[in-house]
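A.B. asks: A single structure is presented below for examination.
The values are calculated or read from the model by the stated rules, or taken from the named source; none is laboratory data. Everything quoted here is computed from the prediction, not taken from an experiment. For neighbour counting, all protein chains shown are included, and Cβ atoms are generated from backbone atoms with ideal geometry for every residue, glycine included. Areas reflect the complete protein model, heavy atoms only, side chains present, ligands, DNA and RNA absent. Shrake-Rupley method; radii C 1.70, N 1.55, O 1.52, S 1.80 Å.
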Amino acid sequence: VTAEAGLSGVDIPVRPGGEIEPERVAEELPRYAELLKARSLSMPLLTTAITSPSSPHAEEILRTAKKLGVQFYRIGFIEPETGAAREKQMREVKAQLKDLAALNRQIGIGGLVQNHSPSGHTYLGGDLSELQELVSGLNPSEMAIAFDIGHALIVHGDQWRSHFEKLKPYLKVAYVKDAKKEGRWVPFGQGDVAGTGYFKLLKELNYHAPISLHIEFDWTNQGKTKTREALVKALKESAAALRGWLAEV
């Protein structure tokens, strides 16, 4: 479990080594929430590995998150089957999402499926037509999408917009990072995301949910400046660029 927290929507790892192990969420996540609260920060969103109600400690994680004020959690990634097995897998995953949606309804929390471009792995739902098929028929208040414009741009190019139109009813959280269409992550302001018109669409939708800013580009100068100061600098510059994009629409 990774907390995506803060007024700026920046991802903050729960501890330096990475994530909270599922079996330790009830103990460690409240501690993390208290640290955020002491700094006037909130925790609206979690990243999890949950893919079904039978995932390890799924219900405990979600109930703990709900008590701490978490509104949404991103489900885990699922690698696709190939060939004839793909259709069977889609049916099975849709059934899992339906069961998760029912659990979410009981707890009062929203699940999110994120679109993701291939990055050494290909994930189910990375293609936006596939994502639409996965969430179609579900109640968006129980299971919706975290729409990642960078990944959508890489997978679909300028055609991302036609897919987005069909997915709009399921949009709950916007994930933002900058990228070149050919598939390269770059510092905010050096890619193609600003020219997509995406932020104007969000304004037209009267979008008021969290915007989760993601740092995917190399902020370490190939490992030479992998320091806290360098990361803070990258976060501040990225947040400033994002605020600029939002102010332009």
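A.B. asks: Exactly one of these conditions fails for Ala240: (1) open to solvent by 50 Å² or more (accessible area, probe 1.4 Å); (2) within 23 Å of Gln114 (Cα to Cα); (3) of a type outside the set (Phe, Trp, Tyr). Give me its number.
C.D. replies: Result: Ala240 passes all but (2).
A.B. asks: If you don't mind, there's one more thing I want to ask. If you go through segment 76-86 one residue at a time, how many are in a loop (DSSP other than H, G, I, E, B) and either among the hydrophobic types (A, V, I, L, M, F, W, C) or under 17 Å from Leu103 (Cβ atoms) (or both)?
C.D. replies: Number satisfying all stated conditions: 4.
A.B. asks: Still on this structure, please answer the following. Could you list, in sequence order, all residues of segment 27-75 that are in a helix (DSSP H, G or I), of a type in the set (A, V, I, L, M) and either open to solvent by less than 50 Å² (accessible area, probe 1.4 Å) or closer than 20 Å to Leu97 by Cα (or both)?
C.D. replies: Scanning segment 27-75 gives Leu29, Ala33, Leu36, Ala58, Ile61, Leu62, Ala65.
A.B. asks: Looking at Gly111, Gly137, which is the one that is open to solvent by 10 Å² or more (accessible area, probe 1.4 Å) and either of a type in the set (Phe, Trp, Tyr) or not in a helix (DSSP H, G or I) (or both)?
C.D. replies: Being open to solvent by 10 Å² or more (accessible area, probe 1.4 Å) and either of a type in the set (Phe, Trp, Tyr) or not in a helix (DSSP H, G or I) (or both) holds for just one of Gly111, Gly137, which is Gly137.
A.B. asks: If you check every pair at least six apart or on different chains, which have Cβ atoms under 6 Å apart with a residue in segment 232-249 that is closer than 15 Å to Tyr207 by Cα first and a residue that is in a helix (DSSP H, G or I) second?
C.D. replies: Trp245/Ala194; Trp245/Phe199; Leu246/Phe199; Val249/Phe199; Val249/Lys200; Val249/Lys203
A.B. asks: Counting only residues that are assigned to a loop (DSSP other than H, G, I, E, B) and of a type in the set (Asp, Glu), which one in segment 167-219 is nearest to Asp148 (Cα to Cα)?
C.D. replies: Asp178
A.B. asks: Residue by residue through segment 173-182, note down the ones that are over 18 Å from Lys236 (Cβ atoms) and open to solvent by less than 60 Å² (accessible area, probe 1.4 Å).
C.D. replies: Val173, Ala174, Tyr175, Ala179, Lys180
A.B. asks: For Phe217, work out the one condition from (1) over 18 Å from Phe164 (Cβ atoms); (2) over 17 Å from the mean Cα position of the chain (by Cα) it doesn't fulfil.
C.D. replies: Exception for Phe217: condition (2).
A.B. asks: Could you tell me which numbered condition Gly223 fails, if it satisfies all but one of (1) farther than 28 Å from Leu41 by Cβ; (2) open to solvent by 50 Å² or more (accessible area, probe 1.4 Å)?
C.D. replies: Tallying (1) farther than 28 Å from Leu41 by Cβ; (2) open to solvent by 50 Å² or more (accessible area, probe 1.4 Å), Gly223 fails exactly one: (2).
A.B. asks: Also: Can you tell me which residue within segment 114-134, out of those that are open to solvent by 30 Å² or more (accessible area, probe 1.4 Å) and among the small types (Gly, Ala, Ser), is modelled with the lowest pLDDT?
C.D. replies: Filtering segment 114-134 for residues that are open to solvent by 30 Å² or more (accessible area, probe 1.4 Å) and among the small types (Gly, Ala, Ser), the one modelled with the lowest pLDDT comes out as Gly120.
A.B. asks: I'd like to know if segment 68-88 contains one or more residues that are under 22 Å from Leu201 (Cα atoms), among the aromatic types (Phe, Trp, Tyr) and in contact (Cβ under 8 Å) with a residue 60 or more places away in the chain.
C.D. replies: Yes, segment 68-88 has at least one match.
A.B. asks: Moving to a separate point now. Name the residues in segment 188-200 that are in contact with a Phe, Trp or Tyr (Cβ under 9 Å, 6 or more places away or on another chain) and without any contact (Cβ under 8 Å) to a residue 40 or more places away in the chain, would you?
C.D. replies: Matches in segment 188-200: Gln190 only.
A.B. asks: So, Gly120, is that one on the phi > 0 side of the Ramachandran plot and without any contact (Cβ under 8 Å) to a residue 12 or more places away in the chain or not?
C.D. replies: The answer is yes for Gly120.
A.B. asks: Please verify whether Trp185 is open to solvent by 40 Å² or more (accessible area, probe 1.4 Å) and aromatic (Phe, Trp, Tyr), treating the condition exactly as stated.
C.D. replies: yes
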